[in-house]
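Undergrad: Here it is: the structure, laid out below.
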Amino acid sequence: SAAGVLVCLLEYPRSKRKKGSTMERCGQKYLTAVVKLFGPLSRNYYIRAVLHAALAVPAGFLLSTILGTVCLGIASGIYLLAAVRGEEWRPIEQKPRE
């Protein structure tokens with residue numbers, strides 16, 4: 001259950017896109033502040049890929065959690081692909097209104 005909270009904490013805040021605009025999720029600014037506290041540990045997608053893969057291993061031993069294992073494994077692969085392409089998590093900053 002602690003692993004689920006950690007994954008939710010990392011996954012809820014959306015990252016800012018390189019091009020175009022990104023809609024912020026409801027209440028995301030509060031979790032963004034928490035994720036920013038972890039610094040490069042939360043921004044780097046290589047670290048996220050390893051974290052998701054490590055969390056998938058113990059869940060693979062029980063039949064009841066095999067679906068979660070598959071989801072974490074797929075997420076790990078996606079993060080690894082994004083890291084190889086040079087992407088990283090960036091917070092959505094609100095522009096000051098004029």
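Undergrad: Kindly indicate which of Arg17, Arg43 is open to solvent by 80 Å² or more (accessible area, probe 1.4 Å) and in contact with a strand residue (DSSP E or B) (Cβ under 7 Å, 6 or more places away or on another chain). Talk me through it step by step, then tell me what you get.
TA: Details: Arg17 fails: in contact with a strand residue (DSSP E or B) (Cβ under 7 Å, 6 or more places away or on another chain).
After ruling out the rest, the residue left standing is Arg43.
Undergrad: Going by the structure shown, is Tyr12 surrounded by 13 or more Cβ atoms within 10 Å (Cβ to Cβ), at pLDDT 90 or above and of a type in the set (Ser, Thr, Tyr)? Outline the logic, then answer.
TA: Values: surrounded by 13 or more Cβ atoms within 10 Å (Cβ to Cβ): yes; at pLDDT 90 or above: no; of a type in the set (Ser, Thr, Tyr): yes.
Considered against the rule, which asks whether it is surrounded by 13 or more Cβ atoms within 10 Å (Cβ to Cβ), at pLDDT 90 or above and of a type in the set (Ser, Thr, Tyr), Tyr12 comes out as no.
Undergrad: Right, next: Somewhere in the range 82-95, is a residue out of contact with any His (no Cβ under 9 Å at 6 or more places or on another chain), assigned to a helix (DSSP H, G or I), surrounded by 12 or more Cβ atoms within 10 Å (Cβ to Cβ) and in contact (Cβ under 8 Å) with a residue 60 or more places away in the chain? Lay out the reasoning, then the answer.
TA: To start, the set of residues in the range 82-95 that are out of contact with any His (no Cβ under 9 Å at 6 or more places or on another chain) comprises 82-95.
Retained after the next criterion (residues that are assigned to a helix (DSSP H, G or I)): 82-84.
Okay, now just the ones that are also surrounded by 12 or more Cβ atoms within 10 Å (Cβ to Cβ), so 82-83.
With in contact (Cβ under 8 Å) with a residue 60 or more places away in the chain added as a condition, the list becomes none.
Within the range 82-95 (the criterion being out of contact with any His (no Cβ under 9 Å at 6 or more places or on another chain), assigned to a helix (DSSP H, G or I), surrounded by 12 or more Cβ atoms within 10 Å (Cβ to Cβ) and in contact (Cβ under 8 Å) with a residue 60 or more places away in the chain), the answer is no, since none of the residues qualifies.
Undergrad: Which residues, taken from the range 60-81, are in a loop (DSSP other than H, G, I, E, B) and surrounded by 12 or more Cβ atoms within 10 Å (Cβ to Cβ)?
TA: To start, the set of residues in the range 60-81 that are in a loop (DSSP other than H, G, I, E, B) comprises 60-62.
Within the range 60-81, just Gly60 meets the criteria.
Undergrad: Considering only the range 20-29, state which residues are surrounded by fewer than 16 Cβ atoms within 10 Å (Cβ to Cβ) and assigned to a helix (DSSP H, G or I).
TA: Lys29
Undergrad: Just one of (1) farther than 15 Å from Leu10 by Cα; (2) modelled with pLDDT of 85 or more; (3) touching a Ser or Thr at 6+ places or on another chain (Cβ under 7 Å) trips up Ala53, so point out which.
TA: (1)
Undergrad: Can I ask one more? Working carefully through the options Val50, Val57, find the one that is surrounded by 14 or more Cβ atoms within 10 Å (Cβ to Cβ), among the hydrophobic types (A, V, I, L, M, F, W, C) and assigned to a helix (DSSP H, G or I).
TA: Working: Val57 fails: surrounded by 14 or more Cβ atoms within 10 Å (Cβ to Cβ).
Criteria check complete, one pass: Val50.
Undergrad: If Thr32 satisfies every condition in (1) free of Cβ contacts under 8 Å to residues at least 60 places away in the same chain; (2) in a helix (DSSP H, G or I); (3) polar (S, T, N, Q) but one, which is the exception?
TA: Status for Thr32: all satisfied but (1).
Undergrad: Given the criteria open to solvent by 60 Å² or more (accessible area, probe 1.4 Å) and of a type outside the set (Ser, Thr, Tyr), does Val34 qualify?
TA: Numbers: open to solvent by 60 Å² or more (accessible area, probe 1.4 Å): no; of a type outside the set (Ser, Thr, Tyr): yes.
No, not satisfied.
The values are calculated or read from the model by the stated rules, or taken from the named source; none is laboratory data. Bear in mind that the values here come from a model prediction, so they are computed numbers and not experimental data. In this analysis, Cβ positions are derived from the backbone assuming ideal geometry, glycine residues included, and neighbour counts consider all displayed protein chains. The protein model used for the area step is the full one, side chains on, heavy atoms only, and it has no ligands, DNA or RNA in it. Shrake-Rupley method; radii C 1.70, N 1.55, O 1.52, S 1.80 Å.
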